[in-house]
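First the structure, in the form of C-alpha cells, and then the observations on it.
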Amino acid sequence: MRLGESIEITASQQLVWDYLAEPTNYLHFMSGVTRWEPAGDRRSGLGARYRMLIRVGAAEVGGLIEFVEWRPCTDMAWTSVTGVDQRGRWRVREVASRRTRVELRYAYGVAGAGVAGLLAERVAAPALSRHLRRSLQQLKRQVEHEQLRSEAKRRREASAA
Amino acid sequence: MADASTLAERARGNGAGDHDDSPGPFTVSGPGVLGALAGIGAGAARAGQAIAGRVAGPVVEGLRDRLTADFDDRDPDYIRENLPLTWLLASLWFRGEVRNLGNVPEDRPVLLVGNHSGGNLTPDTIVFTLAFSTYFGVERPFYQLAHNLVLASPAGQILRKYGTVAASHEHAKEALEAGAALLVYPGGDWEVHRPFWESDRVDFAGRKGFIRLALDAGVPIVPVVSIGGQETSLFLSRGDRIARVFGLDRTLRLKVLPISLALPWVINIGDFLGHVPLPAKITTEVLPPINITEQFGEDPDHEVVYEHVTRVMQECLDSLAAERRYPLIG
C-alpha cells in the first residue's frame, strides 16, 4: 500500500533539507513515531541505518531501516532491512524563492501475508495517512519557526554590527 | 520433559500403546465351557488391546512430540507473515495497547512474568505477543510457557510456531540459557479462570517457581500487567471442587473446571472448545525490571521476593483498573 502527502513550507530548500537530514529531529516532528535512533556507525547520509517504530493500532511497527538514496537538497529514500516491509521517500523541491514543496511518500506491507495482509494494509491506511499529514504540518511549523529564529538572529547581529 | 513423559506414560497405562503378553484383567484359567469362554474373552481382550495400541500409539507419539520442547519449532517467518492477521485481531477486536515495552532489556535474556486473564483463549497473550514481535522484531527469540493441554489441543501446532513450549522448569531454563525472552504466567489455569469480579486481582496462588527460575538463570524479572482479558467472557467459577471430584488435578494437572457464560455456548463448562471472546479493550503495561540478587541479595527469601513482585503488579493493575471507565469499552 502506498500513501503520500505534501505541503508547502515558507523556507529555503536548504533549510528544509538540513532539518530532514538531522536524525534527532524526527522524534519531534514525525507523528506516531516512537523511536528513531541511529543503528551503526553512520549517523546520517547514504547507508545510514536507524531503528524506527511507529504506533499503528495495537502495535508499534517498524524495524531497522537503511537510507538507500541520498541526493542532497532534493531526495532521500529509505527501505526496511528487518521488520515490516516499508519504503519511504522525502522529495524536497523549490517552488519559488524561499518556498519549498515537501512530499513524503510511504509504502508498506508484509510480503506473504495474503488476504489478511491486504486487509490490514487498508485498515491501517487512514491512521498512517493521518500520521503523514500531521508530520508534514509539524515539519512546516518547526522549519518556519527555525527560519524566523535564524532571520531574527541575523537581524540582531546586523544591528549590533 | 517430565510432563511430556508422564502424560505419555499415563496414556500407555490406560491401554494405549501397551500390548505385552502379560495376563490382563479378563484372563480366567480353568477347564470346560467356562474355560473356553474365558479363553475367547481373553483373546478378544488382547486383540482389542492390540487394535487400541495401533490406533492410539501414533496419537500418543504425536502428543509426546507436541509436549517435547523443540525450540527450533519457533518460526520467525511464520510469525512475520501472520503479523497482519494478529494486528487486525488485536487492533480491531481488542483495541490492544501495550505500554513501556522499552522496559524490557534488549540485549540479554529476560523472564517476563505476567498476570493471566481471559480463559483458554488468553487475549492478553495475543496482544502482548504481537506488540513484542513488532517492537523487537520477530528475529528476537521469544518463548512462552503453556499448559500441556494447550499444546495438545489442535491450536498447539500453531502455538509452537509462535514459540510456545510446554511449561516445565527445564524448558524455561533452557530457553533463558539460550538468550531468549521468556513469558511465564505463574497463576496459570488458576488465575486465567478466576471469576469476573476478581478481574483486577493478581492471583499467582502462591506459585513461586518463577523466582527460582530467574535466580538459576541469572536473569531479571520484568512484570507484565494486563487488564481487560477477564471481561472477554463472564467467568463465574473456577470449578476447582468439581475438578478435584473428577480427579482432573491428578490426571491432567488441571486444578480447575471453569464455568462461564460465553458465546456461542451460553453456559460454558471447561472451556475446552474455546469461546468467542467479547471485544474488551486489553491494556498491558510493562514494568521496570526487577533484578532479584541486586535488590534482595545473593540468597533471597523467596517469600519476600514473591510478595514484592505480586505487590508491584497489583499496584499497577489497580491503577489500570482505575483508568478503566466502563467494562469492555475500557
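Scanning segment B:282-306 for residues that are of a type in the set (Asp, Glu) and not in a helix (DSSP H, G or I) yields a total of 4. Among the candidates A:Gly112, A:Gly83, the residue that is within 14 Å of chain B (Cβ to nearest Cβ), open to solvent by 30 Å² or more (accessible area, probe 1.4 Å), modelled with pLDDT under 95 and not in a strand (DSSP E or B) is uniquely A:Gly112. Here is the figure for segment B:78-93: residues that are within 7 Å of chain A (Cβ to nearest Cβ) and touching a helix residue (DSSP H, G or I) at 6+ places or on another chain (Cβ under 6 Å) total 5. Contact map, segment B:230-244: first residue in a helix (DSSP H, G or I), second residue of a type in the set (Asp, Glu), Cβ cut-off under 7 Å, separation 6 or more or different chains; pairs are B:Ala243/B:Asp249. So is A:Arg101 among the basic types (Lys, Arg), in a strand (DSSP E or B), away from every other protein chain (no Cβ under 14 Å) and open to solvent by 50 Å² or more (accessible area, probe 1.4 Å) or not? Yes, satisfied. Filtering A:Ser159, A:Ser80, A:Ser135, A:Ser150 for residues that are under 14 Å from A:Ser6 (Cβ atoms) and either in contact (Cβ under 8 Å) with a residue 24 or more places away in the chain or out of contact with any Leu (no Cβ under 6 Å at 6 or more places or on another chain) (or both) leaves a single hit, A:Ser135.
Of the candidates B:His302, B:His308, the single residue that is open to solvent by 30 Å² or more (accessible area, probe 1.4 Å) and in contact with a strand residue (DSSP E or B) (Cβ under 9 Å, 6 or more places away or on another chain) is B:His308. Just one of the listed residues (A:Arg55, A:Arg35, A:Arg93) is among the basic types (Lys, Arg), within 14 Å of another protein chain (Cβ to nearest Cβ), over 14 Å from the mean Cα position of the chain (by Cα) and assigned to a strand (DSSP E or B), namely A:Arg55.
Pairs meeting the criteria (first residue in segment B:122-140 and more than 10 Å from every other protein chain (Cβ to nearest Cβ), second residue among the small types (Gly, Ala, Ser) and in a helix (DSSP H, G or I), beta carbons under 8 Å, at least 6 apart or on different chains) are B:Thr122/B:Gly229; B:Pro123/B:Gly229; B:Asp124/B:Gly229.
Looking only at residues in segment B:94-121 that are open to solvent by less than 30 Å² (accessible area, probe 1.4 Å) and part of a helix (DSSP H, G or I), the one that is nearest to the other protein chains (Cβ to nearest Cβ) is B:Leu101.
Just to be sure, is A:Trp70 surrounded by 19 or more Cβ atoms within 10 Å (Cβ to Cβ), in contact (Cβ under 8 Å) with a residue 12 or more places away in the chain and more than 14 Å from every other protein chain (Cβ to nearest Cβ)? So A:Trp70 fails the test.
Residues in segment B:151-194 that are closer than 23 Å to B:Phe136 by Cβ and without any contact (Cβ under 8 Å) to a residue 12 or more places away in the chain: B:Ile158 only. Exactly one residue among A:Val68, A:Val56 is within 16 Å of A:Arg130 (Cα to Cα) and among the hydrophobic types (A, V, I, L, M, F, W, C), and that residue is A:Val56. Residue count for segment B:75-93 under the criterion of being without any contact (Cβ under 8 Å) to a residue 24 or more places away in the chain and either open to solvent by less than 50 Å² (accessible area, probe 1.4 Å) or within 13 Å of B:Pro289 (Cα to Cα) (or both): the result is 4.
Annotation: of all residues in segment A:115-142 being open to solvent by 50 Å² or more (accessible area, probe 1.4 Å) and within 14 Å of chain B (Cβ to nearest Cβ), the one that is nearest to the chain's Cα centre (by Cα) is A:Pro126. Go through segment B:205-229 and give me each residue that's touching a strand residue (DSSP E or B) at 6+ places or on another chain (Cβ under 9 Å) and in a loop (DSSP other than H, G, I, E, B). If the condition is that a residue be touching a strand residue (DSSP E or B) at 6+ places or on another chain (Cβ under 9 Å) and in a loop (DSSP other than H, G, I, E, B), then B:Val219, B:Pro220, B:Gly228 are the ones that fit. Taking segment A:132-161 on its own, how many of its residues are in contact with a Phe, Trp or Tyr (Cβ under 9 Å, 6 or more places away or on another chain) and within 17 Å of A:Ala107 (Cβ to Cβ)? Final tally of qualifying residues: 3.
The values are calculated or read from the model by the stated rules, or taken from the named source; none is laboratory data. The structure displayed is predicted, hence computed values, not measured ones. Please note: Cβ atoms are built from the backbone with ideal geometry, for glycine as well, and neighbour counts cover all protein chains shown. Side chains are part of the model used for accessible areas, which takes the heavy atoms of the whole protein and leaves out ligands, DNA and RNA. Shrake-Rupley method; radii C 1.70, N 1.55, O 1.52, S 1.80 Å.
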